[in-house]
Each structure stands twice: as C-alpha cells, then as structure tokens.
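Shown next, in structure tokens, is the structure this report addresses.
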Amino acid sequence: MRSWLRQHRLALAAAIRKWRAQRAAALLNALALGVALALPAGGYAVLEALDRLSTRSAIDPQLSVFMRTDAEPEAARQLAARLRGDARIHRVRLITREEALAALRGTSGLADVVAALGSNPLPDTLVLTVAGSSDGVLDQLAEELGRAPGVALAQVDALWARRLAALERVGRLALALLAAILAVGLVAIAFNTIRLQILTQRDEIEVSKLIGATDGFIQRPFLYLGLLQGLSGVLVALALVGAGLTLMNTEIVGLARSYGSEFRLPFFSSGEAVALALIAGGLGWLGAYMSVSRYLREIEPK
Amino acid sequence: MISFSAVSKRFPGGKDALRGVSFAVEDGELLFITGHSGAGKSTLLKLIAAIERPSSGSVLVNGQNVGALKRAAIPYLRRNLGLVFQDQKLLYDRSVYDNVMLPLAFSDHPPREAARRARAALDKVGLLERERANPIQLSGGEQQRLAIARAVVNRPSILLADEPTANLDVDSAGHILDIFVAFNRVGVSVLVATHDLALVERYGTRVLRLAEGRLLGEGGGG
Ligand SMILES: Nc1ncnc2c1ncn2[C@@H]1O[C@H](COP(=O)(O)OP(=O)(O)OP(=O)(O)O)[C@@H](O)[C@H]1O
Ligand SMILES: [Mg+2]
C-alpha cells in the first residue's frame, strides 16, 4: 500500500515535471481545451437558468377568456358561474369591462387617453386558474371556451413558458450534440499531445524499459498528464464561463427588473463544477490512455 | 547462473547472428566475449536481457527460460540485471545524480536509503563530486562510468556490458575494467563483450570467442 502510494506520488511528480517542462505549450493547450469546454458548459448554464424560469412560471397556468365587446353583459357573468362549477378550474376571476377601464384610467398618464376614447373598447374578461398544471387540460379548456357563445378569444397565458420549454428542449439537444463533438475533440487533443510527449521522450522510455520499468510505471505519468491537461482546461473554462455570465447578467438584471423579476444567470454550483472537472479530467485521461496504449509498446530498447 | 543451449538467432531478413551457441556461466564468474565486428556479441547479451528472443534453443537465467518470458515478466528479469551499453543511453535532461536514481524508483527503499545508495554507486566509479553535473559535461570515460553506476545501483546479481571501453584510451579502458573486476570480487557475475583482446588478456579470465555467430572455443582461464 505504501509503495503503491509512492508509485502514484512519483508518477504525479513526473507528470507535473513534464507539464512544467513545456509551460508555453501546456498553457496554449489549456486555453484550447478551455474554449472547447466553455461552449457546452456555458450553454448548459444558460439552459439551466431558462429551465428554472420556465418551470417557475408554469406553476400557476392561467387562462384568459376575453368576451366579445358586443356580447350581452350577462353572458360573462353566466359563463363565470358555470365555470365555477367545473372541477378542472381552481379559481375564476371576472373583470368587467367597466372595472378594466377604471383600472386603466387609474394608471398614471393613461387617463387622458381613456378620456379620448369615447366608448369603452375593453371586453369583459375571465381569468381562470386551472387546478394542476397539465398542458392537456389547459389546451382542452382553451379550445372549449374559444367556441363558447359570446367568447372572442381564450388564451393560455403560460404559452410563452411552454414555447420556452420547447425551445429549451431543442437547445438541450443541440447542446448534447455539441458536447459530444467537443468531447471527441478533447480526447483527440489529449491523444495528440500525449503522443508528442511520448515521441520526445523516447530515450527516457527506452532507458526505463532497460532498467526494468513495467508498462504501468511508464504510462502512469502520461495518464496523469492527460488528467492534468483536462483539469487545466476546466479552470480556463470556468473562468471563461464566469466572465461570460457576469457580462450577460449586467444586461439581464435590468431587463428582468422591467418585468418585475429578480432573474439572473447563476454560476455553476460546486457540484456542477466538480462534475465538469470529472468529465474533462476523465476525457483527458482517456485520450492519454489511448495514446499510451498505441505508442508506448512501439518503443523498445534495441 | 546463465546457460545457453543450442541458441540460434536469425534476424528478419535472413541474417544469422548466432548459430548453435551453447555455454554456461556460473554465479560470480567474470567472462569476456570477443569476436570481430558482426560476430554476434551484442546479440548474445541482448538475448540474456530479453531485448531479443532466440529463434531456437533456450537461454536460461537463474533457471528462468528468458526466451519464453511473457512481456509483463520482462521488467522483473531486468531489475536483476545491470546493463551497460556502448552508447550509454544516459538521460541528458537531468543531473548525474538523477540518472543514477532512476532504477531506484522500482525498489521500495525509503528516500534517504535510495539517496545513500545512489551516492555509494557514484562513489564506486569515482563520480561523487560530479553528481550535480549534467552527463553532457562528462568525458567519454566518465559517461561510461556513470552508465556503470546506474547499472549497479540496485545491486544486480548479473552485470552485462557491451563494449564498455570502446573509444577510450588505454588508461581509461583499464580503469573501467578494474571497476568490473571489483564488482566481480563481491560476487556479481560479470559478462563483458569487447573487441579489445589485448586488454582482455591482462585479466587472464575466461573468454568466449565468437566468429560468424559460432562459438569458436574458449580461451584465457586461470
Ligand atoms: N536488429 C537487427 N536486424 C537485423 N540484423 C541484425 C540486427 N541486429 C544485429 N544484426 C546482425 O547480426 C549480426 C550480429 O550483430 P551483433 O550486433 O551481435 O554483432 P557484434 O558482434 O556486436 O558486432 P560489433 O562488434 O560491431 O558490435 C550482424 O551481422 C548484424 O548485422
Ligand atoms: Mg556489438
């Protein structure tokens, strides 16, 4: 056990030595890996934020039913009474056209506009809150009510949230594809840098084999090097994504406030950062492993 | 103990480097292998270290059939051998001391003991004061001695040296051979391949003569 630990400590030290021996190349590598990681990682951060936004808004799906302006004043009241007896509907709020106009008039700056209107252009409106949040119920109700007598339009208010969710699904798929492509790229970068390392260290490898180094001993520092490279890429990616989110948030905070929302794009949780590190480190390790299996055997003492 | 029985080695391309070679080396022996260029001296040593495998016949080292060793077992064979090559295969990206430390990575010595052994090996070949130097700063003879220090630092039971005195003047060559003789005195089996017959004769030990891959017979002896 102690010797096992020692072997790994030595291998890690050797990997760090190899890494530092060509700092400039290693930094460029970290940058390349970081950019490759930042794209899907940043996309993920944005999508997660949108996901939270759309599910939060969908908690209370509402349906607005606008009556025709030429409908009988009683029609809205009767419909409201009928809907209050419907088990699918949680709450019914009736806003008469007079109430709506009064509210508009009370809104500062609009009083003059209302006065200029002459007749009241606003319809009676029913705002329905649906029990549960299943899209099916909401759509069905909207369709039924759209055909009810005296109704001009029944509109699902959570529609934008659902569109966002659909858009988000497309985004997730695109992100998954991008991530898969970049994962392959990451493995290829690690494969190639480790290949170059192996070739420049031919002598050392040959000597190691001559003095009785096992394949495991020889390959370990290269595997650690692949891992370190992946991790260095993660650091760069976290910095890039952090900077990107901060920049976007300066715009988003203002925009969200105008909608009365405190929404902003949050940075990764520590769990997500660790997951990213594991994935990128693992991919670096995998590329190194492929390179090592392919090239180390070829170098034999002559 | 090393024993060759009817060992032949044919390289791809049809070249017969060794043909039906049989001999045995007892523990603690000092043995020279001579012969013209291309006679098969290097090939013979490489078969012992499993760098090459025999085409036919068997090579036994301490009872192990080296020619049939699995790839994974070869490192453990080599840890018991000290190898010195004509091109010393030193690493020029690290100090003399670090070159000698290389083989100690596989032993379980605590760091202080490893350092002590490395210095002892450097001391035996007279390079202790040069431990901080880079091998490139050493003369040919000094580099050769460094290669020997690296070969013996793990106290192998068998030392194999291929042309360790090539390109050295007579004094330096004599110095190198004296080091081998000293190791042999403390019980290490030593096999040295060399062109230098004049030098070999000074030691009066057993000599294997190779020509065209065949063993001509043995000379020397006390
Ligand atoms: N890898 C190889 N492939 C093909 N032929 C080889 C190989 N290694 C050695 N030979 C041939 O085998 C023969 C013996 O070579 P070896 O190196 O054993 O000779 P040697 O006695 O050590 O010669 P020298 O004194 O010049 O070092 C030579 O003719 C050489 O050309
Ligand atoms: Mg030779």
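Key figures for this structure:
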read-out	value
Residues of the range B:184-205 that turn out to be in contact (Cβ under 8 Å) with a residue 40 or more places away in the chain and either among the hydrophobic types (A, V, I, L, M, F, W, C) or surrounded by fewer than 18 Cβ atoms within 10 Å (Cβ to Cβ) (or both), as a count	9
Some residue of the range B:167-175 being farther than 24 Å from B:Ala50 by Cα and touching a Ser or Thr at 6+ places or on another chain (Cβ under 6 Å)	yes
Selection status of B:Leu159, away from ligand 2 (no atom under 16 Å from the Cβ) and within 14 Å of another protein chain (Cβ to nearest Cβ)	yes
Residue tally, condition under 15 Å from B:Asn99 (Cβ atoms), touching an Asp or Glu at 6+ places or on another chain (Cβ under 8 Å) and assigned to a loop (DSSP other than H, G, I, E, B), over the range B:121-161	1
Considering residues of the range B:162-172 that are assigned to a loop (DSSP other than H, G, I, E, B) and of a type outside the set (A, V, I, L, M, F, W, C) only, the residue nearest to ligand 1 (Cβ to nearest atom)	B:Glu163
Candidates A:Leu186, A:Leu225, A:Leu182, filtered to the one that is under 17 Å from the mean Cα position of the chain (by Cα), more than 14 Å from chain B (Cβ to nearest Cβ), in a helix (DSSP H, G or I) and buried (at least 19 other Cβ atoms within 10 Å of the Cβ)	A:Leu182
Wholly enclosed helices (runs of 4 or more DSSP H) of the range A:6-118 bearing at least 1 residues among the polar types (S, T, N, Q) and more than 30 Å from A:Gly281 (Cα to Cα)	A:23-57, A:73-84
Output for the range B:108-130, where each listed residue is of a type in the set (Gly, Ala, Ser) and in contact with a Lys or Arg (Cβ under 8 Å, 6 or more places away or on another chain)	B:Ala121, B:Gly126
Listing of helices (runs of 4 or more DSSP H) fully contained in the range B:3-106 that carry 2 or more residues being farther than 27 Å from B:Gly126 by Cα	B:41-48, B:74-78
The range A:196-216, residues that are buried (at least 18 other Cβ atoms within 10 Å of the Cβ) and more than 7 Å from chain B (Cβ to nearest Cβ)	A:Gln197, A:Ile198, A:Gln201, A:Ile205, A:Ser208, A:Lys209
Considering residues of the range B:1-38 that are among the basic types (Lys, Arg) and either within 19 Å of B:Ala50 (Cβ to Cβ) or touching a Lys or Arg at 6+ places or on another chain (Cβ under 7 Å) (or both) only, the residue nearest to ligand 2 (Cβ to nearest atom)	B:Lys9
Test for B:Ala6: is it away from ligand 1 (no atom under 15 Å from the Cβ) and within 14 Å of another protein chain (Cβ to nearest Cβ)	no
Selected residue (criterion: nearest to the other protein chains (Cβ to nearest Cβ)) from residues of the range B:176-194 that are in contact with a Ser or Thr (Cβ under 7 Å, 6 or more places away or on another chain) and either within 16 Å of ligand 2 (Cβ to nearest atom) or assigned to a helix (DSSP H, G or I) (or both)	B:Ala193
Identity of the residue in the range B:67-77, more than 11 Å from every other protein chain (Cβ to nearest Cβ) and among the aliphatic types (A, V, I, L, M), that ends up farthest from ligand 2 (Cβ to nearest atom)	B:Ala68
Residue that is nearest to B:Ala182 (Cα to Cα), among those in the range B:15-33 that are within 9 Å of ligand 1 (Cβ to nearest atom) and away from chain A (no Cβ under 14 Å)	B:Ile33
Residue match in the range A:1-19 (condition: aromatic (Phe, Trp, Tyr), within 14 Å of chain B (Cβ to nearest Cβ) and within 30 Å of B:Pro110 (Cα to Cα))	yes
Looking only at the range B:39-66, and only at residues there that are without any contact (Cβ under 8 Å) to a residue 60 or more places away in the chain and of a type in the set (Gly, Ala, Ser), the one that is nearest to the other protein chains (Cβ to nearest Cβ)	B:Ala50
Members of the range A:257-274 that are surrounded by 13 or more Cβ atoms within 10 Å (Cβ to Cβ) and assigned to a helix (DSSP H, G or I)	A:Glu272, A:Ala273
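For (1) farther than 30 Å from B:Leu83 by Cα; (2) without any contact (Cβ under 8 Å) to a residue 24 or more places away in the chain; (3) in contact with a strand residue (DSSP E or B) (Cβ under 6 Å, 6 or more places away or on another chain), each residue gets a yes or a no:
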position: A:Pro221; (1), (2), (3): no, no, no
position: A:Leu225; (1), (2), (3): no, no, no
position: A:Gly242; (1), (2), (3): yes, no, no
position: A:Ser258; (1), (2), (3): yes, yes, no
position: A:Val292; (1), (2), (3): no, no, no
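Residue-wise test of (1) within 16 Å of ligand 2 (Cβ to nearest atom); (2) out of contact with any Leu (no Cβ under 8 Å at 6 or more places or on another chain); (3) more than 9 Å from chain A (Cβ to nearest Cβ).
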{"site": "B:Arg79", "(1), (2), (3)": "no, yes, no"}
{"site": "B:Val84", "(1), (2), (3)": "yes, no, yes"}
{"site": "B:Asp87", "(1), (2), (3)": "yes, yes, yes"}
{"site": "B:Asp93", "(1), (2), (3)": "no, yes, no"}
{"site": "B:Tyr97", "(1), (2), (3)": "no, no, yes"}
{"site": "B:Met101", "(1), (2), (3)": "no, yes, yes"}
{"site": "B:Leu104", "(1), (2), (3)": "no, yes, yes"}
{"site": "B:Asp108", "(1), (2), (3)": "no, yes, no"}
{"site": "B:Arg116", "(1), (2), (3)": "no, yes, yes"}
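Values in this text are rule-based calculations from the coordinates and carry no lab data. Because the structure is a prediction, the values reported are computed rather than measured. FYI the Cβ positions are ideal-geometry reconstructions off the backbone, even for glycines, and counts take in every protein chain you see.
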